[in-house]
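**Student:** Quick one: the structure is below, and I'll ask about it shortly.
Please treat every number below as a calculation from the coordinates, not as lab data. Since the structure is predicted, the reported quantities are computational estimates derived from the model, not experimental observations. Note that each Cβ is placed from the backbone with ideal geometry, even for glycine, and that neighbours are counted across all protein chains shown.
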Amino acid sequence: MSAIQAAKGTRDIFAPEIHAWQHLEGAIRDYYGRYLYQEIRTPLFEHSELFSRGIGDQTEVVQKEMYTFRDKAGRSLTLRPENTASVVRAAIENNLFEALAPLRFFYIGPMFRYDKPQKGRYRQFHQFGVEVFADDAPQVDAEVIFSAVDFLRGLGIAQVQLELNSVGCPNCRPAYLKVLRQAAQARSADLCEDCRRKIDGNPLRIFDCKQHACAGIAAAFPVIGDHLCPECREHFAAVREALSWMNVPFLLNPRLVRGLDYYTKTAFEVTSGQLGAQNALLGGGRYNDLIRELGGPDMAGIGFAAGMERLVLHLEHLAAPKPKVLFVATADPRWLAHAVQLAQVLRSEGHPVYVDYQSKNLKKQFKKADRIAAAFTLVLAEDEVRDGAVSVKNMATQEQVKIPLKDLNAWLKQNT
Ligand code: AMP
C-alpha cells in the first residue's frame, strides 16, 4: 500500500526548523507585550458570510481561495483565510469594546487559502498579525508601521523595504474607481483576461497583476493619490510626518493596493530583498468601516498580517538551544526503579533526562546516548546502587566519575 502524504500546499514542521518557529513566537509575545497588545485566539473556521461580508465578495481571496464546506447541519463554513474579520467578530460578539482597554490584539496561527503552492506560498500557512481598534489618529498608523519594521529588525531581518500608500475612503474612492475603470476600459484589449474581468468588479486589483504587459499598461493609469479627498490627504500627510519622527524610511508606492476590500486610507507592505518572487513579508492597513459594517460600534481599526513561513526562512540559521541532556543507563533491569526515580528528581530540578529501558547492554546504551547527543550518561549498576551513588560518564571526554547521590545536584549545577 502506498504511504499517505500530506495534502498539497501543507507541510510538517519539526526540528531543527521548529526552533526558529518557537523563537519567532516568543519574540512576538515579548515585543507586542511592550505595546500593550494582548493575544487573541479565534476559531479556525467561521460562518462563510463573515469573510464574504468582511473581506469583500469581489476579492480574489473570497472568489477563488476559500476552503468553504457545509457541515452536517448544512451550514456554510469557511477555514479562515485571514484573521482580521474574525478578530472584529470576536470583539463584537464578546463585547470587548467595553470589557478591554486598550483594544490591541495580536494573534498567531494558521490561515487557509486555495493558492498555487510554491516556495514561500502554501495552502495552510501561518500569520502573526496585530489589530488596533481606536480612533483614526495618524500617529497610530505610524506606531503600528514602526512596530512592524522594528520587530523585523530586532529579529535580524535587515534588508526590508517599507512601501506606503493611501487607498482613500468611501468619500473619494468611488470617483477614483470611475476614472480608473475608464482608463482600463480604453486599454482592455491589451490587458490579460484576468485583468479584463477585474475592470468591472475590482479595478484596483489590476495593479497587482504580475504580467509584464499589464504592469506596463497600468503604470500609465491614474493613481488614487491624485484623487484623495482633503481628509484622506491630510491624514496621509500626518502619517508620513509621524513616520519621520520615528525615523522609519519608506517608499511611496501610488499603485500599492491590498487584496482585501476593507482597507481605507493607509495601506502598507514590507518586502524582503532576500526572498525572490514571494518577497512580501507583511501587509496591512487601516479599516475604518469594517467594525461598523460587521455590526460593531463606529470605531476605526488598523492592523497588519505577516507571513511566518517567510520570516522563518530568515531565521533558520538560529542555533537550536542546546540544553545538556542526561541519559540514564542501567546495567540490569533490577535497577530500573532506581533509574526512573532518579530521572524524576533530575527533571524536577530542570534537567532534560532520557531513561533507557533496554537495560543490560551498557555499550549499546552509550551508543544511543551519543545518538541523542547526551552530554552525560548516568550509570546505575550493582556498586552504584549499593553505595547510593551514580557513575557519571562525560560523553565528550569519556571520563567517568562516581558521585554520591546526595552530591549529584551540586555536581550537575557545576557541570551542566
Ligand atoms: P495578506 O493577508 O494577503 O495581506 O498577506 C499578508 C502576508 O501573509 C503576506 O505578506 C505573506 O507574507 C503571507 N502570505 C499570504 N498568503 C500566503 C500563502 N499562501 N503562503 C504563505 N504566506 C502567505
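**Student:** Which of K393, K324 has the fewest other C-beta atoms within 10 Å, and how do the rest follow up to the most? Please list the in-between numbers first.
**Tutor:** Working: K393 21, K324 14.
Exposure proxy ranking, most exposed first: K324, K393.
**Student:** On to the next question. Picking from D194, D261, D298, which is most flexible by a Gaussian network model of the chain using Cα springs under 10 Å?
**Tutor:** The residue that fluctuates most here is D194.
**Student:** Sort F268, F146 so that the residue with the fewest other Cβ atoms within 10 Å of its own Cβ comes first and the one with the most comes last.
**Tutor:** Numbers: F268 28, F146 18.
Least to most surrounded, the residues fall as F146, F268.
**Student:** Need the list of aspartates and glutamates near K64 for cross-linking: C-alpha distance under 19 angstrom, and skip anything on the same chain fewer than eight residues off.
**Tutor:** E46, E49, E82, D115, E193, D194, D200, D208, D261
**Student:** Tell me which of A91, Q63, S147 sits at the most positive position along the dipole axis of the chain, charges placed on C-beta atoms (Lys, Arg +1; Asp, Glu -1).
**Tutor:** Q63
**Student:** For the chain, what does the helix formula give at 222 nm: sum of -39500 (n - 2.57) over DSSP H segments with n ≥ 4, over the residue count, nearest 500 deg cm²/dmol?
**Tutor:** Working: 15 runs with 154 residues, N = 416.
Result for the chain, helices only: -11000 deg cm²/dmol.
**Student:** Excluding residues fewer than 8 places away in the same chain, name every one of the lysines whose C-alpha is closer than 30 Å to that of K367.
**Tutor:** K322, K324, K393, K402, K406, K413
**Student:** Sticking with this one: Taking N as the number of residues in region 337-416, what value does Rg over Cα atoms divided by 2.2 N^0.38 Å take?
**Tutor:** Working: Rg = 11.8 Å, N = 80, 2.2 N^0.38 = 11.6 Å.
Expressed relative to 2.2 N^0.38 Å, the Cα Rg reads 1.01.
**Student:** Based only on other Cβ atoms within 10 Å, what is the fewest-to-most ordering of E39, E143? Intermediate values should be presented prior to the final figure.
**Tutor:** Working: E39 13, E143 18.
Listing E39, E143 from fewest to most nearby Cβ atoms yields E39, E143.
**Student:** Another one. Excluding K363 itself, what net charge comes from residues whose Cβ is under 15 Å from its Cβ, given Lys and Arg +1 and Asp and Glu -1?
**Tutor:** Numbers: positive: K360, K364, K367, K368, R371, K393; negative: D332, D356, D370.
Net local charge, K363 excluded: +3.
**Student:** Once you have a ≥ b ≥ c as the square roots of the Cα gyration tensor eigenvalues for region 188-322, tell me rounded if a/c is under 1.5, and otherwise prolate or oblate according to whether a/b is larger than b/c. Walk me through the intermediate numbers first.
**Tutor:** Working: a/c = 1.64, a/b = 1.16, b/c = 1.42.
Cα axes put region 188-322 in the oblate bin.
**Student:** Let me ask something else. Tell me which of S188, A27, G9 sits at the most positive position along the dipole axis of the chain, charges placed on C-beta atoms (Lys, Arg +1; Asp, Glu -1).
**Tutor:** It is G9.
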